[in-house]
Amino acid sequence: MMDADGDGGWLLLSWVSSCLMVVGGIVPYIPQYQEIKRTSNAEGFSTWVCLVLLVANILRIFFWFGKYFEFPLLLQSVLMIGAMLAILNLCCSTQSANRVSTKQRSFTDFQQKDFWNWSRFEDYVQFCLALVVCGALLTYVLIDVPVFVEGVGLLALMTEAMLGLPQFLQNRRNRSTRGMSVKMVLLWMAGDCFKTTYFIIKDTPAQFWLCGALQIGLDMAILSQVYHYKRTTDTKFW
């Protein structure tokens with residue numbers, strides 16, 4: 001009976017942790033979304049964070065077709081793509097309302113200097129669709145090549161590992177963390193610690209937990225910026 005109870009408890013814990021993995025990834029962006037909506041200002045948030053997560057999760061989905069891994073991680077990728085598009089939509093709306101210049105920057109202009117600084121939300125969607133089409137064609141042709149599959153997985157996870165880097169650089173450039181939700185970073189830290197432990201327990205491919213460990217290091221670097229700049233800004237921890 002104790003063994004059965006123990007197995008049942010472990011299954012329940014596994015189910016709960018899987019659910020947390022699915023929805024937990026998007027939770028940190030809720031306070032950032034609310035902050036942008038409240039202030040009608042998106043300058044403190046680096047939209048390059050959205051680029052990193054969109055690329056990483058699109059690549060992770062392609063990786064799943066070549067090397068199956070935990071289904072909750074696949075579902076998490078789908079939800080994360082939706083969350084990043086929602087934040088980009090809000091940022092575009094906010095920037096459009098505050099924009100003084102009438103110059104329009106478009107994805108189809110293919111101007112390197114304007115990359116990921118387009119005027120309309122539709123341009124970001126076009127970029128994502130182009131990435132999906134190119135990735136799908138490559139995956140279809142090379143799905144049976146182990147080196148390609150492993151490379152996609154490694155690229156996806158290393159891209160995600162760089163998640164905090166754009167925000168770190170944005171803070172450094174602004175010499176401030178104003179406009180960045182510190183709650184978001186704290187939730188990043190909590191989530192990265194949780195998922196790294198989850199990856200190890202679930203015996204997922206090594207790329208997953210190495211990615212998590214690198215993300216924890218970047219989270220700590222951003223939180224150190226909050227401490228460093230807090231004397232010159234009105235940023236609060238909560």
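Computed from these coordinates, which is Rg and Dmax of the Cα atoms in Å: [x] 19.3, 72; [y] 23.8, 113; [z] 18.3, 66? Evaluating Rg and Dmax of the Cα atoms in Å on these atoms matches [x].
Under the simplified labelling scheme, the Arg105-Ser224 pair shows an inter-label distance of 3.0 nm, with each label point 7 Å from Cα along Cα→Cβ. Helical content of the chain, expressed as a calculated mean residue ellipticity at 222 nm, amounts to -25000 deg cm²/dmol (DSSP H runs of 4 or more residues, -39,500 (n - 2.57) each, divided by residue number, nearest 500). For the chain, the membrane-span-like helices by this rule, meaning whole DSSP H stretches whose C-alpha atoms cover at least 30 Å of axis and whose Kyte-Doolittle mean is 1.0 or above, are 71-98, 121-142; this says nothing about an actual membrane. Centre-to-centre separation between the Cα atoms of segment 186-215 and those of segment 52-72: 15 Å. Put simply, segment 108-233 fits an ellipsoid with semi-axes of 30, 25, 10 Å; these come from the alpha carbon gyration tensor as the roots of five times its eigenvalues, largest first. Across the chain, the mean sequence separation of Cα contacts (distance under 8 Å, 6 or more residues apart), normalised by length, yields a relative contact order of 27 percent. Each Cα pair under 8 Å and six or more residues apart adds its separation to the average, and for segment 126-238 the resulting relative contact order is 35 percent.
Between Phe148 and Val133, the simple label model (points 7 Å from Cα in the Cβ direction) yields a spacing of 1.9 nm.
From the Kirkwood radius over Cα pairs of segment 48-140, Stokes-Einstein at 4 °C and 1.567 mPa s returns a whole-number translational diffusion coefficient of 90 µm²/s.
Alpha-carbon geometry of segment 79-121: the Rg and the Dmax are 11.4, 34 Å, given in that order. Rg/Rh for segment 121-180 (Cα atoms only, Rh after Kirkwood) is 1.16.
Extension gain, Gln95-Cys193: 0.36 nm per intervening residue step, less the Cα-Cα distance, totals 31.9 nm.
Each label was represented as a point 7 Å from its Cα along the Cα-to-Cβ direction; for Lys37 and Tyr68 these points are 3.8 nm apart.
Relative contact order for segment 42-177: 44 percent, from Cα pairs under 8 Å spaced at least 6 residues apart, divided by residue count.
Taken together, the values in this text are just the output of simple stated rules run on the coordinates, not laboratory data. Not measured: the values here are computed from a predicted model. Virtual Cβ from ideal backbone geometry, glycine too; neighbours counted across all protein chains shown.
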